[in-house]
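Structure first, then comments.
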Amino acid sequence: MNPSFSSYLINDVFGDPGVYVEVRWSKRALLFDLGHNEGLGPTRLLRAGEIFVSHTHMDHFIGFDAVLRVALGRGKTLRLFGPPGLIDNVQGKLRGYTWNLVDGYPLTIVVWEFHKGERRQATFLASNGFQQPEHTHHLAQQLDDPLFTVMEDPIFTVKAVALNHRIPSFAYVLEEQFHINVNKQRLHEAGLRVGAWLKDVKQHIWQGRPDDFRFTVALYDEHRRAEQEFMLGEVKERFLTISRGQKIAYVVDVRYDEENEAKIVALARGADVFYCESPYLDCDAGLLNNRVVD
Ligand SMILES: [Zn+2]
């Protein structure tokens, strides 16, 4: 399987926590937490359009400024998701600067904070000096399920659970809706080449187009361009395998108690990659008996 997500720690294991996830073939990336992140460099920081914040202790939020700085002059929408208080924290950061020279800047920052059964949204525009209007939406959330959806995209879903860190600390799980694998051998046998047209095919599937959907793509053989019509269902059947998607779980600062433990186990079950912050090494496992981890 050729994974769609490529994820890694932003810093070394002793640095501020945070994970960067590249969504392959789409020039998109997701950022989990905003600790020190300048090591990512401007290109990767700019690519991160969706940012999921666990909580706003300094080591998880000080990197907001680095993202803001690279995004400032761009026609871009930054989306931040996180626990109650995030809107105030973003506003506090924005109010820390003077903005009289940014009215021509097209940057938009949208912040969602999740309360029980409710989602609050605030939009900050550079063009008006980041004054903010705020809206409240009610969440369709199963109250007996602590896991709730933070963001839905045709390619993936991000869910969160609120863990006890004396304040809510959100743990996240990123799940690819399904995985599309291309059978290159079969393409080859049919005289077709791997190319940008397969990206179009994937887009049609992610957008939920029906099997009888017909589309025309440009195929290139050396420098010769030819157009060919396909039916989506036929392409799926002949050249693609659709399987379970990737799952990545991310858990940072939490108390060690039974409720947190149960929530973390439920969140991370079946994950392909599980990022979990720990102040202890393997050889310190005996200390767990004291149950004082916080
Ligand atoms: Zn913390």
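Nothing in this text is a laboratory measurement; each read-out follows from the coordinates by a stated rule. Being a predicted model, the structure only gives us computed values, none of them experimental. Here the Cβ is made from the backbone with ideal geometry for all residues, glycine too, and neighbour counts use every protein chain on show.
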Item to complete: Calculate the length of the line joining the C-alpha centroid of region 33-63 to that of region 142-215, in whole Å.
Response: 23
Practice prompt. Neighbouring Cβ atoms within 10 Å as the yardstick, rank ILE87, ILE109 fewest first.
Written response: ILE87, ILE109
Item to complete: Quick one: order TYR250, TYR280 by neighbouring beta-carbon count within 10 Å, fewest to most.
Response: TYR280, TYR250
Discussion item. Is the C-alpha gyration tensor of region 180-243 telling us rounded, prolate or oblate? Criteria: a/c under 1.5 is rounded; beyond that, a/b larger than b/c is prolate, otherwise oblate.
Written reply: oblate
Response to the item:
the chain: relative contact order from alpha carbon pairs under 8 Å, six or more residues apart, as a whole percent, is 12
Discussion item. Sort MET231, MET58 by Cβ crowding within 10 Å, fewest neighbours at the top.
Written reply: MET58, MET231
Discussion item. Suppose R0 equals 25 Å. What FRET efficiency, 1/(1 + (r/R0)^6) with r the Cβ-Cβ distance, do THR241 and ARG269 give to the nearest 0.05?
Written reply: 0.55
Worksheet item: Residue-wise, which Karplus ³J(HN,Hα) couplings in Hz belong to region 57-68, taking 6.51 cos²θ - 1.76 cosθ + 1.60, θ = phi - 60°, and x for glycine or proline?
Response: 4, 3, 6, 10, 9, 5, x, 4, 4, 5, 5, 4
Response to the item:
So, relative contact order of region 180-243 in percent, Cα under 8 Å, 6 or more apart, is 43
Discussion item. Of the candidates ALA268, ALA29, ALA196, which one comes out as most mobile in a Gaussian network treatment of the chain with C-alpha springs shorter than 10 Å?
Written reply: ALA196
Fill in: Paramagnetic label zone (point 7 Å from Cα along Cα-to-C-beta, GLU258; backbone N under 12 Å) in region 264-288
none
Worksheet item: Structure shown: which of LYS27/LYS116; LYS76/LYS247; LYS199/LYS263; LYS27/LYS236; LYS199/LYS247; LYS76/LYS202 lie over 29 Å apart, alpha-carbon to alpha-carbon?
Response: LYS27/LYS116; LYS199/LYS263
Fill in: Most fluctuating residue given options THR136, THR149, THR123, as computed from a GNM of the chain linking Cα atoms under 10 Å
THR136
Practice prompt. Could you work out which residue, out of GLY104, GLY73, GLY18, moves most in a Gaussian network model of the chain, that is, has the largest mean-square fluctuation with Cα springs under 10 Å?
Written response: GLY104
Discussion item. So if I take the centroid of the Cα atoms in region 88-113 and the same for region 237-258, what is the distance between those two points in Å?
Written reply: 33
Practice prompt. Write down the Kirkwood hydrodynamic radius of the chain, to one decimal in angstroms, obtained as one divided by the mean of 1/r over all alpha carbon pairs.
Written response: 21.3
Discussion item. Across region 136-294, what fraction of all alpha-carbon pairs, as a whole percent, falls in each successive 5 Å bin from zero upward?
Written reply: 2, 7, 13, 15, 12, 10, 9, 8, 8, 7, 5, 3, 1, 0
Practice prompt. Using θ = phi - 60° and the Karplus relation 6.51 cos²θ - 1.76 cosθ + 1.60, list the HN-Hα couplings for region 204-219 in order, rounded to whole Hz, with x at every Gly or Pro.
Written response: 4, 5, 4, 7, x, 5, x, 4, 8, 5, 9, 8, 10, 10, 8, 10
Discussion item. Assuming 0.36 nm per residue, please report the length gained on full extension of the stretch ASN183 to GLU152 beyond their Cα-Cα distance.
Written reply: 8.4 nm
